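The values are calculated or read from the model by the stated rules, or taken from the named source; none is laboratory data. Note that this is a predicted model, so its numbers are computed, not measured. Don't worry about glycine lacking a Cβ; one is built from the backbone with ideal geometry, like all the others, and counts go over all protein chains shown.
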Amino acid sequence: MKALIAIDSFKGSITSIEAANRVERGFTHAGIQCEKIAIADGGEGTVDSFLFNRLGGIRKTFKVHDVLNNNVSAPIAWFPSSKTAVIECASASGIQFKDQYSQINSTEFSSVGTGELIKNAVDLGAQTIIVGLGGSGTVDAGLGLISGLGGRFLDNLGHEVAANVQQLSNIQHLDLSHVNLEDVQLIVASDVTSPLTGNSGATQVFGAQKGLSDNQIQVVDQGLKELARVLDPKNQGQEPGDGAAGGMGFALRLLGGKVESGFHLVAENADLESKVQNTDIVITGEGQIDEQSLHGKVPVEVAKLAKKYQKPCIAFVGQQIGTLDNFRAIGLTSIFSIVDQVMSLNQAISQGPELLEQMAERVSWLIK
C-alpha cells in the first residue's frame, strides 16, 4: 500500500511539510509506504514547497521592510542552474502583520517589502521570478511593491506622491524609468481571479478580512477605480487576477507580469499528476474545508486529480463546513476532522501537529 501525501498548511498551526511528516508518522504504524509533496497555492509556504519538491534550490534570506516599513527577514528560493527565483508576498506583506500592528489602520500598510524581494531576486541574476500572491495583508494596489522596485508616482504637476492608499486620487503618472526588469520573466502565482475593483474586487471581497470597515471598503474601492482609470485606461483594473493580494496582481501586470495558477505551478514543479497516477491513495487537507474551498483551494484541486485517475482521496482537516456530498462530487472520498474532543480554537491550533498524527494513525488501519 502506497500513499501520496499532498496536504496544505493548517494556518497558524502546521506547515505543509510538517503536516506531511506527521501523516507519514501516523501511517508508519500500519506499514503504509508514503511519498510526500509540499503543497501550496502561491501563499505562505510557496517558497518552502519549491525547495522541498525540487532539487538544486538554495534558500536565501534578505532584510526587507514589512507593511509598516520596519525591518523583517524574508526568504527567496533561488535555483541558480535555471536562474529562477521564487518569492511569496506573505513573508514581507502578509496578513499576520494585522495582528502584530493591531492598533494601526490597515489602509496605512504597504507592500513595499514584496517589491524589495523582487529587486533582490533581480540582483541575484534571476531571469524568471515567480511571485506568490496569497496571504497578503495590504490593500494598496501594489503601490508599495512598485516603489520598492524604484518606481515613482507623480501628481498632475509632476511632483512625487507617496505610494500609499491615502494618495490614490492624487496619482496621475507612473514613472518606471528606474525599475530594472529587462529580460526578466515575471510570473504571478495566484488562484485569485478577482478584478481590482467592484463587487468582486480586492476590497469588496477581502477588505474586511484585512481590517477595513464598511466605509473604508467603499472609499478605498473608489480610490482604486480612479487609480486604475489613470494608470490602466484600457483595462481599468478589470483583468482577472488584478485584485489578488490587495491589488498586487494589478501592479505586477503593469510591470509585465503574467498570471498563472499558483497551485498548478507548485503541482508542476512537484510532478504531482504523475505521482497521483502511481499511488494507491491520495491524502490531502487544510485547516478548514468549506464551500470556498470548492473554488480552487489546494485539497479540492488535489482531489480533482485523484478523481481523474480513479484514486481514493482522503482529507484531514481542522474543521469541515458543508455537506460531504458536495466534496465527494469533486473527488474527495471522505473527510476526517482531526479535533477529537471539545477544545478552544487556540488549543486546536497549538495541538494541531499531535492531533493530525493521531488521526492519521487511526485512519491508517482503516486504509490498511
Conditions (1) in contact (Cβ under 8 Å) with a residue 12 or more places away in the chain; (2) on the phi > 0 side of the Ramachandran plot: number failed by Val317: (2)
Within region 227-262, which residues are part of a helix (DSSP H, G or I), surrounded by fewer than 24 Cβ atoms within 10 Å (Cβ to Cβ) and within 19 Å of the chain's Cα centre (by Cα)? Arg253
Of the residues that make up region 321-337, is at least one assigned by TED's automatic domain parsing to the domain that holds Asn21, of a type in the set (Gly, Ala, Ser), modelled with pLDDT under 95 and farther than 18 Å from Pro299 by Cβ? no
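Filter region 309-362 down to residues that are β-branched (Val, Ile, Thr) and closer than 24 Å to Glu273 by Cα and give me whichever is surrounded by the most Cβ atoms within 10 Å (Cβ to Cβ).
Looking only at region 309-362, we keep the residues that are β-branched (Val, Ile, Thr), and these are 314, 317, 321, 323, 330, 333, 335, 338-339, 342, 349.
Restricting the remaining residues to those that are closer than 24 Å to Glu273 by Cα gives 314, 317, 330, 333, 335.
On the way: Ile314: 23, Val317: 26, Ile330: 16, Thr333: 17, Ile335: 20.
It comes out as Val317.
Quick check on my filter: what residues within region 188-204 are touching a residue at least 24 places away in the same chain (Cβ under 8 Å) and in contact with a Gly (Cβ under 7 Å, 6 or more places away or on another chain)? I'd like the intermediate steps shown before the answer.
So the first thing to find is which residues in region 188-204 are touching a residue at least 24 places away in the same chain (Cβ under 8 Å), and the list is 188-198, 200-203.
Passing the criteria: Val188, Ala189, Ser190, Asp191, Val192, Thr193, Ser194, Pro195, Leu196, Thr197, Gly201, Ala202.
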If a residue has to be under 18 Å from Gly94 (Cα atoms), surrounded by 14 or more Cβ atoms within 10 Å (Cβ to Cβ) and either in contact with a strand residue (DSSP E or B) (Cβ under 9 Å, 6 or more places away or on another chain) or not assigned by TED's automatic domain parsing to the domain that holds Ser111 (or both) to count, how many in region 59-81 make the cut? 10
Residue hits (region 271-303; within 20 Å of the chain's Cα centre (by Cα), assigned to a helix (DSSP H, G or I) and surrounded by fewer than 21 Cβ atoms within 10 Å (Cβ to Cβ)) are Glu291, Gln292, Leu294
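Within region 2-40, can you find the residues that are among the charged types (D, E, K, R) and under 25 Å from Gly296 (Cα atoms)? Give the steps one after another, and end with the answer.
So the first thing to find is which residues in region 2-40 are among the charged types (D, E, K, R), and the list is 2, 8, 11, 18, 22, 24-25, 35-36.
The answer is Asp8, Lys11, Glu18, Arg22, Glu35, Lys36.
Assess whether Lys368 counts as being touching a residue at least 12 places away in the same chain (Cβ under 8 Å), surrounded by 17 or more Cβ atoms within 10 Å (Cβ to Cβ) and basic (Lys, Arg).
Criteria not met by Lys368.
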Counting just the residues of region 164-180 that are in contact with a helix residue (DSSP H, G or I) (Cβ under 7 Å, 6 or more places away or on another chain), part of a loop (DSSP other than H, G, I, E, B) and at pLDDT 95 or above, which one comes out farthest from Lys297 (Cα to Cα)? Gln172
Failed item, numbered, when Leu168 is tested on (1) buried (at least 21 other Cβ atoms within 10 Å of the Cβ); (2) farther than 25 Å from Val205 by Cβ; (3) in contact with an Asp or Glu (Cβ under 9 Å, 6 or more places away or on another chain): (2)
Among the numbered criteria (1) at positive phi; (2) modelled with pLDDT under 95, which single criterion is violated by Gln204? (1)
Six or more apart or on different chains, Cβ under 6 Å: which pairs go from a residue in region 336-349 that's among the hydroxyl-bearing types (Ser, Thr, Tyr) to one that's not in a helix (DSSP H, G or I)? Could you list them? Ser337/Val317; Ser337/Gln320
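Out of everything in region 191-226 that is hydroxyl-bearing (Ser, Thr, Tyr) and outside any helix (DSSP H, G or I), what residue ends up being farthest from Ile130 (Cα to Cα)?
Ser213
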Those residues of region 1-23 that are part of a strand (DSSP E or B) and farther than 20 Å from Ala306 by Cα come to a total of 2
Step by step: first the residues of region 70-129, then only those that are at pLDDT below 95 and part of a loop (DSSP other than H, G, I, E, B), then the one that is farthest from the chain's Cα centre (by Cα). Which residue is that? Gln103
Might you let me know whether region 142-154 holds any residue that is touching a helix residue (DSSP H, G or I) at 6+ places or on another chain (Cβ under 8 Å), in a loop (DSSP other than H, G, I, E, B), modelled with pLDDT of 95 or more and closer than 24 Å to Asp99 by Cα? yes
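Please work out which residue is nearest to Phe250 (Cα to Cα), limiting yourself to region 181-190 and to residues that are outside any loop (DSSP other than H, G, I, E, B) and among the aliphatic types (A, V, I, L, M). Break it down stepwise before answering.
Of all residues in region 181-190, those outside any loop (DSSP other than H, G, I, E, B) come to 185-189.
Of the ones still in play, those that are also among the aliphatic types (A, V, I, L, M) are 186-189.
Values: Leu186: 13, Ile187: 13, Val188: 10, Ala189: 13 Å.
Per the stated criteria, the residue is Val188.
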